[in-house]
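Colleague: What follows is a structure written as structure tokens; I'll ask about it next.
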Amino acid sequence: MSPQAVRDNRVILRGTIVHQIRDVLRMRPGDEIVLLDNSGAAYRAELVTVDRDVVRGRVVDRWKLETEPHARITLYQGLLKGQKFDWVLQKGTELGITAFVPMLSARCIVGNVDDVSDARLERWQRIVVEAAEQAGRAVLPSLSAVMLFKHACESAAARGGLAILPWENERTHGLREALQVVPKSKEIHLFIGPEGGFAEEEVVAAKVAGVAPVSLGPRILRAETAGLAAAAAILFELGDLG
């Protein structure tokens with residue numbers, strides 16, 4: 001819900017959340033629900049009325065959530081086959097990734113940015129919202145429109161921070177070494193390719209843009225695994241996991 005839904009210990013909810021409360025959860029007046037406002041606050045509210053278009057409640061408790069990692073990871077994920085991208089969004093949100101950028105690179109099955117329908121983007125957004133609720137995220141991870149690989153590199157460079165690209169052919173520099181120079185902002189841009197990985201010319205272009213290739217070790221990870229494994233390692237190394 002939005003922070004504006006709470007006024008003077010009263011909660012007024014409209015939109016899709018009404019369907020979730022009324023029809024999916026089948027909640028009734030007198031039931032209690034925990035609501036997150038996407039600004040770091042959580043509310044326990046007792047439902048007063050549950051109508052078709054609006055739900056009203058009374059706040060009985062509120063507290064600040066401390067669930068967001070200090071490291072802000074943006075995952076630039078090459079588009080994947082089937083529902084693999086859905087899985088990355090769900091598990092990445094649970095893990096603590098801050099932002100997702102669906103990315104079109106040379107070896108993606110999808111040939112054009114416009115091939116990704118609005119319906120698919122809406123489904124991806126729902127997956128992020130539901131995973132954030134399940135994980136108790138204080139702030140909803142952002143999900144951008146599909147971006148070309150070149151533009152993704154330019155975007156990361158413009159935002160600053162540490163930009164890394166795990167690559168199976170990198171033999172010299174590992175992830176832990178790269179994390180020794182994390183800026184104070186702890187802004188990290190993580191580039192992951194689709195099935196088949198990145199083309200060598202893309203890696204060269206990424207280097208020119210300031211994105212550093214790194215190794216994740218001697219084993220080859222699937223495209224849907226690599227980003228999550230790297231994000232978990234980053235969060236652990238920077239003290240945000242475990």
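Colleague: With a point put 7 Å past each Cα toward its Cβ, work out how far Glu66 is from Gln134 in nm, to one decimal.
Modeller: Roughly 2.6 nm, to one decimal.
Colleague: Using a 10 Å cut-off on Cβ atoms, rank the peptides 210-218, 109-117 from the highest mean neighbour count down. Don't jump to the answer; show the numbers that get you there.
Modeller: On the way: 210-218: 16.8, 109-117: 12.2.
Averaged packing, sorted descending, gives the order 210-218, 109-117.
Colleague: Mean separation of Cα pairs under 8 Å and 6+ residues apart, divided by the residue count of segment 72-237: what relative contact order is that in percent?
Modeller: Details: 284 pairs, mean separation 52.6, N = 166.
32 percent.
Colleague: Related question: Pop out the ³J(HN,Hα) list for segment 101-118 in order, Karplus 6.51 cos²θ - 1.76 cosθ + 1.60 with θ = phi - 60°, rounded to Hz; leave Gly and Pro as x.
Modeller: 10, x, 10, 9, 10, 4, 9, 6, 5, 5, x, 9, 4, 6, 6, 8, 6, 4
Colleague: Given Lys64/Lys186; Lys91/Lys207; Lys84/Lys186; Lys64/Lys84; Lys81/Lys184; Lys64/Lys184, which pairs have Cα atoms separated by over 26 Å? Don't skip to the answer; put the middle values down first.
Modeller: On the way: Lys64/Lys186 22 Å; Lys91/Lys207 28 Å; Lys84/Lys186 28 Å; Lys64/Lys84 33 Å; Lys81/Lys184 36 Å; Lys64/Lys184 24 Å.
Long pairs (Cα-Cα over 26 Å): Lys91/Lys207; Lys84/Lys186; Lys64/Lys84; Lys81/Lys184.
Colleague: Sticking with this structure for a sec: Go ahead and estimate [θ] at 222 nm for the chain from helices alone: -39,500 (n - 2.57) per DSSP H run with n ≥ 4, summed, over the residue count, rounded to 500.
Modeller: Numbers: 7 runs with 73 residues, N = 242.
Helices in the chain give a 222 nm mean residue ellipticity of -9000 deg cm²/dmol.
Colleague: Sticking with this structure for a sec: Return the long-range amide H neighbours of Gly174 (sequence gap of 5 or more, or a different chain), with a cut-off of under 5 Å between placed amide H atoms.
Modeller: Under 5 Å from the amide H of Gly174 lie the amide H atoms of Ser215, each far enough along the sequence or on another chain.
Colleague: Taking amide H positions as placed 1.01 Å from N in the peptide plane, with prolines and chain starts having none, which residues 5 or more places from Glu68, or on another chain, fall under 5 Å of its amide H?
Modeller: So Glu68 has HN proximity to Ala138.
Colleague: A further question follows. Within segment 157-176, which residues have the backbone N less than 12 Å from the label spot 7 Å out from Ile220 along Cα→beta-carbon, could you tell me?
Modeller: The answer is 168-169.
Colleague: Once every Cα of segment 72-237 carries one equal point scatterer and solvent is ignored, give the base-10 log of I(q)/I(0) from the Debye formula at q = 0.10, 0.13, 0.20, 0.21 Å⁻¹, two decimals.
Modeller: The Debye formula, applied to the Cα set alone, gives -0.32, -0.56, -1.43, -1.58.
Colleague: Give me a comma-separated list of calculated 3J(HN,Hα) values for segment 120-135, in order, Karplus coefficients 6.51, -1.76, 1.60 applied at θ = phi - 60°, integers in Hz, x for any Gly or Pro.
Modeller: Residue by residue, segment 120-135 yields 5, 4, 5, 5, 4, 5, 4, 4, 5, 4, 5, 5, 5, 5, 4, 7 Hz.
Colleague: Dipole of segment 72-237 (Lys/Arg Cβ +1, Asp/Glu Cβ -1, origin at the Cα centre): which of Pro166, Gly193, Ala233 lies farthest to the positive side?
Modeller: The one lying farthest along the dipole's positive direction is Ala233.
Colleague: Once fully extended, how much extra length lies between Asp118 and Val59, figured as 0.36 nm per residue of separation less the alpha-carbon to alpha-carbon distance? If you can, show how the numbers build up before the last one.
Modeller: On the way: separation 59, 0.36 × 59 = 21.24 nm, distance 3.57 nm.
Length difference between fully extended and current span is 17.7 nm.
Colleague: Choose one of Leu95, Val116, Ser155: the residue whose Cα lies farthest towards the positive end of the charge dipole of segment 52-164 (beta-carbon charges +1 Lys, Arg; -1 Asp, Glu; about the Cα centre).
Modeller: Most positive-ward Cα: Leu95.
Colleague: Separate question: For segment 34-150, list log₁₀ I(q)/I(0) at each q in 0.17 Å⁻¹, using the Debye formula over Cα point scatterers of equal strength and ignoring solvent, two decimals each.
Modeller: Ignoring solvent entirely, the Cα scatterers give -0.87.
Colleague: Between segment 97-159 and segment 24-42, how many Å separate their Cα centres?
Modeller: Computed from Cα coordinates, the inter-centre distance equals 27 Å.
Colleague: Give the relative contact order (percent, whole number) for segment 3-64; include only Cα pairs under 8 Å separated by 6+ residues. Numbers along the way, then the final one.
Modeller: Working: 113 pairs, mean separation 22.3, N = 62.
Reported relative contact order: 36 percent.
Colleague: Along segment 188-199, what does the Karplus equation 6.51 cos²θ - 1.76 cosθ + 1.60 (θ = phi - 60°) give for ³J(HN,Hα), rounded to whole Hz, x for Gly and Pro?
Modeller: 10, 10, 10, 9, 10, x, x, 4, x, x, 8, 6
Colleague: Any idea what % of Cα-Cα pairs in segment 6-77 are farther than 17 Å? Walk me through the numbers on the way to the answer.
Modeller: Values: 1229 of 2556 pairs.
For segment 6-77, the fraction of Cα-Cα distances above 17 Å is 48 percent.
Colleague: Rounded to the nearest 20 debye, what is the charge dipole size of segment 156-242 about its Cα centre when +1 sits on each Lys and Arg Cβ and -1 on each Asp and Glu Cβ? Kindly include the intermediate steps, with their values, before the conclusion.
Modeller: Details: 8 positive and 11 negative charges, 58 e Å.
My answer is approximately 280 debye.
Every number in this text was worked out from the coordinates using simple rules, so none of it is lab data. Values in this document were obtained by computation on a predicted structure and should not be read as measured data. Virtual Cβ from ideal backbone geometry, glycine too; neighbours counted across all protein chains shown.
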